[in-house]
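Trainee: I'd like to ask some things about the structure below.
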Amino acid sequence: MPRHIDSFKGRISIAAFLVSGGPCLIAGSVVQDGPDLVLRDVSGSLPLPIDPGIPAPCWCALSVDAEGRMEVRYHQPIRPSEEVARLHRRFDLLKRRHEIHQTIRDFFLKKGFLETDTPVAVANPGMEPFLDTWSVGDRWLRTSPELHMKRLMAAGFDKIFQMGPCFRKGDRGTLHREEFHMLEWYRVFADLNMLTEDLEALLTALAPLAETPAYFTAGIERRTVVEVFREYLNLELTDHQYREPLQKALKQRGIPHATDDDWDTLYFLLFLNFIEPHLGKDRPFLLTDYPASQSALAKKAPIVPGKLPTCYRFELYLRGTELANAFYEVTDEAEQRTRFRADNETRKTLNKPTYPLDEQFLAALASGLPPSAGIALGVDRLVLALLEVETLDELLPFS
């Protein structure tokens, strides 16, 4: 029989040992913590009162008698490598990251949501013209689980959530990864106000894990797109086609732009440079009433003469970083089909791959879906904000 089979059946966690003491068997990795050696597992760490006579770092199992005396039962050196050393240094940070993930799941399960899983390789990865992904055979890596989750909603799943990998080709930087963790949740018979309540409750639940808990329990500030353009740029938005006021504002501020840039391109040049960095500095910030030209899968609001045409959409900002995007969902099959076709035409003009219409999703809408709301939240960015880490390079275990 190979050595060590059944040798560790009686092992208890370090957290349990700190409560109950010996006699027992504890095990984990021995690492240097300043001048001391520490035995560490995922439950906690234990300063070793004596030098066990083995070099750190190493894997180690210790038997502890009723008087607290320790004896080495097993040890194996951890061979040095750049990756192992890096992960050892980040152990506590990575552990906190996974605790945040677990707290998110617990939050939704306690609120009666059902956790779902949907395919990662899909026939239609999402139609938005400016989101790109990779082909895998005759399918594509998803940019969001949204379309499949809505098919579940149409089948009667009225409160669902999912947290898992999504993909955006070309997105890489301090706050971007081409593969990233997305949290999405959907409610049938719901609107954006209900999602806002979910967000406030979620941030409050996560606050004890944050470096600055008070920020996440301060409540969410809410402003409209028209209000922030008026405040930060002294610019009154009244439509989403007339470009001259936006061109003038860019010229005054020395921001280069092309003469044929459309309204939305000009909008984003102003928004990203002069508004976004200010949002959510002191507490979480909800930007609402987006231009109707940026509705994506959101319902459009009734038009008010002389006012900016808008849609039922909001985004959440934490300390100048966009974190979540929510829609009061389009549930009309004909409207959604028209938008998908328009998105494909835009992709074609941009020389990007076009996708077959997701007929199963459209059929699900045609079967009937009541008023619904959904939101997508970037989990990696949320963890950055909670732990006050500057970049994803510092946070993620693997690049």
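The values are calculated or read from the model by the stated rules, or taken from the named source; none is laboratory data. No experiment lies behind these values; they were computed from the predicted model shown. Ideal geometry is used to build each Cβ from the backbone, glycine not excepted, and the neighbour counts take in all protein chains shown.
Trainee: Condition first: of a type in the set (V, I, T) and surrounded by fewer than 20 Cβ atoms within 10 Å (Cβ to Cβ). Now tell me which residues in region 134-150 satisfy that.
Mentor: V136
Trainee: Scan M153, M182, M163, M127 and give me the residue that is of a type outside the set (S, T, Y), surrounded by fewer than 21 Cβ atoms within 10 Å (Cβ to Cβ) and either in the same structural domain as R347 (by TED's automatic domain parsing) or in contact (Cβ under 8 Å) with a residue 40 or more places away in the chain (or both).
Mentor: Just one listed residue meets the conditions, M163.
Trainee: So, one more: Would you confirm, using the coordinates I've provided, whether E83 is over 24 Å from I12 (Cβ atoms) and not polar (S, T, N, Q)?
Mentor: In short, yes.
Trainee: I've got another one for you. Please find, among E329, E359, the residue that is surrounded by 15 or more Cβ atoms within 10 Å (Cβ to Cβ), more than 30 Å from T212 (Cα to Cα) and not small (G, A, S).
Mentor: Residue meeting the stated conditions: E329.
Trainee: For the structure I just gave you, tell me whether L62 is of a type in the set (A, V, I, L, M), buried (at least 17 other Cβ atoms within 10 Å of the Cβ) and closer than 27 Å to L396 by Cβ.
Mentor: No: the conditions fail for L62.
Trainee: Continuing with this model, one more query. Go through V122, V84 for me and flag whichever is touching a strand residue (DSSP E or B) at 6+ places or on another chain (Cβ under 8 Å), among the β-branched types (V, I, T) and either more than 25 Å from A342 (Cβ to Cβ) or surrounded by 15 or more Cβ atoms within 10 Å (Cβ to Cβ) (or both).
Mentor: One residue alone meets the criteria, V122.
Trainee: Now for a separate question. I'm told T133 meets every condition in (1) touching a Leu at 6+ places or on another chain (Cβ under 6 Å); (2) among the hydroxyl-bearing types (S, T, Y); (3) in contact (Cβ under 8 Å) with a residue 40 or more places away in the chain except one. Can you identify the failing condition by its number?
Mentor: (3)
Trainee: Answer yes if at least one residue in region 359-367 is among the polar types (S, T, N, Q) and closer than 24 Å to L141 by Cα, and no otherwise.
Mentor: yes
Trainee: Tell me which residues, restricted to region 185-197, are touching a residue at least 12 places away in the same chain (Cβ under 8 Å) and under 21 Å from L287 (Cα atoms).
Mentor: Those that are touching a residue at least 12 places away in the same chain (Cβ under 8 Å) and under 21 Å from L287 (Cα atoms): W185, Y186, R187, A190, D191, L192, M194, L195, T196.
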